[in-house]
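Below you'll find the structure, written out as structure tokens, and then a few comments.
The values are calculated or read from the model by the stated rules, or taken from the named source; none is laboratory data. Predicted model only: the values in this text are computed from it and were never measured. As a convention, Cβ positions derive from the backbone with ideal geometry for all residues, glycine included, and neighbour counts pool all protein chains shown. Ligands, DNA and RNA are excluded from the accessible area calculation, which covers all protein heavy atoms including side chains. Shrake-Rupley method; radii C 1.70, N 1.55, O 1.52, S 1.80 Å.
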Amino acid sequence: MLTKVEIGKKYFHYKDKTKFYKVLEVGKLQINDERYDLVEVVIYKALYEDASLGKIWVRPVSEFLEKFSEVE
């Protein structure tokens, strides 16, 4: 399991090891809900084409660390 997210690195999701993503940035979510306000998020880009899905994704850091692995 990952322990940190590195900007610029490539990762893959555990469900499909053939689709890669590149981390663009780590940011903070600002929302008017105390449970989620200022949660750290990963902003990442899909490195494959799929017209039905978006190209840029955002996910809480904790969830990203659970579901992604670094490409070696």
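For the reader, a short list of remarks on this structure follows.
- Residues whose amide H falls under 5 Å from that of Lys9, counting only those 5 or more places apart or on a different chain, are Val23, with hydrogens built in the peptide plane.
- Accessible surface computed residue by residue for the chain, with neighbouring protein chains in place and a 1.4 Å probe, gives 75 Å² per residue.
- Ile7 contributes about 100 Å² of solvent-accessible surface, heavy atoms of the protein only, 1.4 Å probe.
- Its relative contact order, with pairs defined as Cα atoms under 8 Å and 6+ residues apart, puts the chain at 36 percent.
- For the pair Leu29 and Ile56, label points projected 7 Å from Cα toward Cβ lie 1.7 nm apart.
- Applying a DSSP loop filter and a limit of 15 other Cβ atoms within 10 Å to the chymotrypsin sites (Phe, Trp or Tyr not before Pro) in the chain leaves Tyr14, Tyr36, Tyr48.
- Spatially close Lys pairs in the chain, defined by Cα atoms under 15 Å apart and a spacing of eight or more places or different chains, total 19.
- Sulfur and carbon atoms: percent of accessible area, the chain [1.4 Å]: 50 percent
- Counting Cα-Cα pairs of the chain in 5 Å increments starting at 0 gives whole-percent bin shares of 3, 17, 27, 25, 15, 10, 4, 0.
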